[in-house]
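Where a number appears in this text, it was derived from the coordinates with a stated rule and is not lab data. What you see is a predicted model; the values in this text were computed from it and never measured. Cβ sites come from the backbone with ideal geometry, for glycine too, and all protein chains shown count toward neighbours.
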Amino acid sequence: MRIPAHLRSKRFWGETLEAYLFLLPILLVLGVFTFYPFVNAFVYSLYDIRTRTVPGPVVYTLTEGIETWTAQLARGRLPEDLVEVLERAGASRESLWVRLRQTTRWVLKDDENQQEYIVVKEGDALLVYRATTQWALSPVGWDNFRTAFRDPDFPKALFITLKYVGISVPVTLALALLIATVLNQALVGRAFFRLAHFLPYITPIVAITMVWRWIYDRDVGLLNYIFSSVAKAFGANVSLLTWLDDPQLALPALIIMNVWRFVGYQALILLAGMQGIDREYYEAARVDGAGGLQVWRRITLPLLTPQIFFLLIISLIGSFKIFEEVFVLFMGPGPQKAGLTIVYYVFTKAFDSGHYGLASAASVILFAIIFALSLFQLTVVQRRVHYER
Amino acid sequence: MRRMGVVLLVLALGSVGFAQVTISFWHAMSGALGETLAFLVQKFQDEHPDIVVDLVYQGAYSALQQKLIAAVAAGQPPTLAQQYENWTTQWLDALVDLDLFLPEEVLNDVLPAFDQKFDGRIITVPFNKSILVLYYRPDLIPNPPTTWEDFERLTCAIAKDTDGDGVLNEYGTAFRPPNPEIFLTFLTQAGGAILSEDWTEVTINNAAGLEAAEFAARLAKCALVQSAYISDAIQKGIVVGAWIDTSAGYTYNMNAAKTAGVPLAVVPLPCYKNCASMIQGTNLAIFSMNQSKAQIEAAAKLIAFLLREDNIVEWAMKTGYVPVTKTAVESQAWQEYMEANPYARVMTEQLLAGGFGQLLHPKYMDIRSLLITYWELLLKGEGTPKEIMDALAAEIESLISE
């Protein structure tokens, strides 16, 4: 077999090595904080996980006179026979102590050898095992996935998330297109508007949400103030909206806040795209007598599809993962769980109730949804993207 | 070179004559609370020069919880940590039986309201605890209610729709859906419980449960129902006659009332068949993973120190938490403090009258999540109390039978 020429060159290998050296730091960071947890979530989704003392090999079985042992263990003392048994198994007499007592289960520790032993009453016998207390994984097959779909909250979270994505992604994009088109005109103070639109995107999300908590406040909130002022101007008397405590309004509140947050960023990307479109197309269109709207529909929009496509993928993925906004805005899953999104579900299952396997399973399902949608976009949607050549 | 040799020699001699044990203590006490804890721990170290306590503030409770979960999973938890009961149930096997290391008189001194056993084991002692009490506006309710009947009558008399839009603007009382502890207090006062004593049967929808639910539903019609803290509403000048809240919220509620320029006072809860009131707050527990017996013994000494009469009283006075031992409550210092601070008397009386803790079922957090869901339905009148309680009971049933 002949090795291609470029693979034989020393320079090629030198440059490759150099490139990988530059990549190494970020690969390490990604490896530890992204890939390792990512793979583990898949693994954990197939296990029941809890901290417990797991018995190892049997060291000794006592069948007669177990009462003398249990009576002493119940008082936290070590029966002399037991100490001898453990000594024969390699334990150190001086460093043995009892740390846990139940009616049929006792755990001892040998400090010197960092070894635990568990004495368990099984039927009429006492069994002494070597043991370890650990974050123990027991395989449960697909049980966690089944539990997720049996739990009424999970389909609910799935539905709410889909609704949120289905509304907020197209609305943000449409508004961003509009803003970008306006900004693309020769406008006085364009630089200012660009900055103003970008600010929400770079402001920390928790700060934004805290401000919106005030905007949505029923009694002193800006939004209700505007609504009631407008209503009063028309002579109508409206009751104040409880944005954060009404299950009908919770999701709209979340959507409005996030549209506001992302619209500027998206508009800026689209604006950059618009300004990158070759002037010649516009001139040609004008020569052919095309009107403003026609130019926008037939030239701007098609040539902007790469940017639109990029934003669609990014915002779709981002929207599916919505969490912090819910957490801060509602200080919980929202009124009657109207803001329960999938990531919020994952969070409560893991950190409120300690169901790590179930939480992992839910996050794997979320991954599958995002993956499938991204795949669809990359194959089907991308065919409609015009790349300028 | 010679100087370094002397230093090394001194260090070596020091370590021979002075076998020190180092223990770590993770907590979530910020600001003045953290300073008080640090002060007490320093006092402990002064009394026990052979013990070094590595006191680590881990952030808010949620941060502490997540760090503990990670530390237990890694097999490297601290020696001692603050923890809620529902965290404790997640790592029972990793904790030490405290009665093996704490003197009997220390454990016997803990008030009966805090008695709790996990699978028959004593593994926690109460630490920073608060209890539900009644906050009320003396200008609107001169004689605060002592019974359910009074509570409903007096608060509903205040509720008003001032602008005639069909929605209340002034409220008799207030409830938070994320806070089902108030429902559990009503339930216990009516003589009910979530589960039967042996945990085999769901009893939340029996006659007592229904009575509690109906009472709550009637009150809800006169109440402000919001997820934000009630003090937020008070601060905005919203009228609320009387509401149930934790004693730990005392400073927040008082400051809110001050901002709004309204008077606010506190009394024990109105009672029904008994004067039960739910206790909240964390306990202390000792991890055995990665710890030697000497470290466990040192941590037990620290617990015994923190539960000593003078230290409990100091802790309670400086933090506003309830005193957790009999000797502390009866002490001269606390009695005098109660004379000067009516609020301290109220929470102490409430504690002695009927303090009760969380259900120690391993699935309590799942049960609590259901309680929140149905408590909200009850408060918002989405269904009759009977329908709501039956549906709740059915869900708890399927949860515990899994």
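At a glance:
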| read-out | value |
| --- | --- |
| Most mobile of A:Arg150, A:Arg261, A:Arg88 in a GNM of chain A (Cα contacts under 10 Å) | A:Arg88 |
| Listed residue (B:Tyr61, A:Ala176, B:Phe175) projecting farthest to the positive dipole end of the protein assembly as shown, Cβ model | A:Ala176 |
| Alpha-carbon Rg/Rh ratio, for segment A:279-318, with Rh computed the Kirkwood way | 1.19 |
| Most mobile of A:Leu173, A:Leu268, A:Leu375 in a GNM of chain A (Cα contacts under 10 Å) | A:Leu375 |
| Cut-off under 5 Å, modelled amide H: who pairs with B:Gly355 long-range | B:Ser277 |
| Burial ordering of A:His355, A:His386, B:His361, fewest other beta-carbon atoms within 10 Å first | A:His386, B:His361, A:His355 |
| q = 0.17, 0.18, 0.20 Å⁻¹: log10 I(q)/I(0) that the Debye formula gives for segment A:240-389, counting C-alpha atoms only | -1.03, -1.08, -1.20 |
| Principal axes of chain A: Cα extent on each, largest first, Å | 105, 83, 35 |
| Residue-wise HN-Hα coupling along segment A:315-322, computed from phi with Karplus coefficients 6.51, -1.76, 1.60 (Hz; x: Gly, Pro) | 6, 5, 5, x, 5, 4, 8, 4 |
| Point-charge dipole on Cβ atoms (K/R +1, D/E -1) for chain A, about Cα centre, debye to 20 | 1500 debye |
| Top positive-direction residue, dipole computed over segment B:269-402 with Cβ charges, set B:Tyr343, B:Phe287, B:Ile388 | B:Phe287 |
| Isotropic mean projected area of the C-alpha convex hull, segment A:109-207 (nm²) | 15.1 nm² |
| Inter-chain shielding of A:127-139 (mean C-beta neighbours from other protein chains, 10 Å cut-off) | 2 |
| Charge-dipole axis of the protein assembly as shown as Lys and Arg at +1 and Asp and Glu at -1 on Cβ define it, positive-most pick from A:Leu311, A:Leu358, A:Leu241 | A:Leu311 |
| Helix axis angle, A:190-202 relative to chain A longest principal axis, alpha carbon, degrees | 20 degrees |
| Volume per residue of the C-alpha convex hull in segment A:245-303, rounded to whole Å³ | 93 Å³ |
| Rg/Rh for segment A:116-159, where both radii come from Cα atoms and Rh is the Kirkwood radius | 1.32 |
| Amide proton proximity set for A:Arg50, modelled H, under 5 Å, gap of 5+ | A:Ala136, A:Ser138 |
| Under the Karplus curve 6.51 cos²θ - 1.76 cosθ + 1.60, θ = phi - 60°, whole-Hz ³J(HN,Hα) for segment A:173-185, x wherever Gly or Pro sits | 5, 5, 5, 5, 4, 4, 4, 4, 4, 5, 5, 6, 6 |
| Whole-number Å³ per residue for the convex hull built on Cα positions in segment A:141-184 | 66 Å³ |
| Rg over Rh, two decimals, segment B:334-380 (C-alpha only, Kirkwood Rh) | 1.25 |
| For segment A:103-207, size of Cβ-based charge dipole, Lys and Arg +1, Asp and Glu -1, in debye | 840 debye |
| Semi-axis lengths, Å, chain B, gyration tensor of Cα atoms, sqrt of 5 times eigenvalues | 43, 25, 19 |
| Residues whose placed amide H lies under 5 Å from that of B:Phe118, excluding near-sequence neighbours | B:Ile123 |
| Taking B:Asp97, B:Asp198, B:Asp161 and counting other C-beta atoms within 10 Å, the order from fewest to most | B:Asp198, B:Asp161, B:Asp97 |
| Set of lysines near B:Lys380 by C-alpha distance (under 27 Å), chain-local residues within fewer than 8 positions excluded | A:Lys156, A:Lys163, A:Lys337, A:Lys349, B:Lys160, B:Lys221, B:Lys236, B:Lys273, B:Lys363 |
| Debye-sum result for segment B:268-349 in log10 I(q)/I(0), which assumes one identical scatterer on each alpha carbon, at q = 0.10, 0.19, 0.23 Å⁻¹ | -0.34, -0.89, -1.09 |
| Around A:Ala285: net Lys/Arg minus Asp/Glu count, Cβ-Cβ under 12 Å | 0 |
| Estimated D of segment A:5-110 in µm² per second, where Rh is the Kirkwood radius over Cα pairs and Stokes-Einstein applies at 10 °C, 1.306 mPa s | 82 µm²/s |
| Euclidean distance of C-alpha centroids, segment A:114-140 and segment A:261-324, integer Å | 64 Å |
| Under 17 Å from the Cα of A:Lys109 - aspartates and glutamates, other chains or at least 8 residues apart | A:Glu80, A:Asp81, A:Glu84, A:Glu87, A:Glu94, B:Asp93, B:Asp97, B:Asp99, B:Glu297 |
| Computed FRET value (nearest 0.05) for B:Ala73 with A:Met331, which takes r as the C-beta separation and R₀ as 25 Å | 0.40 |
| Within chain B: Cβ-based charge dipole about Cα centre, in debye rounded to nearest 20 (Lys, Arg +1; Asp, Glu -1) | 1160 debye |
| Counting all C-alpha pairs of segment B:137-267, share separated by more than 17 Å (%) | 61 percent |
| Convex hull of the protein assembly as shown built on C-alpha atoms - directionally averaged projected area, nm² | 51.1 nm² |
| Backbone HN-Hα couplings from phi across segment A:134-144 [Karplus 6.51/-1.76/1.60, Hz, Gly and Pro as x] | 8, 6, 9, 9, 10, x, 10, x, 8, 3, 4 |
| Among beta bridges that DSSP assigns inside the protein assembly as shown, antiparallel share in %, nearest 5 | 75 percent |
| Most mobile of A:Leu329, A:Leu21, A:Leu96 in a GNM of chain A (Cα contacts under 10 Å) | A:Leu21 |
| Cα centroid separation, segment B:356-402 to segment B:55-94 (Å) | 27 Å |
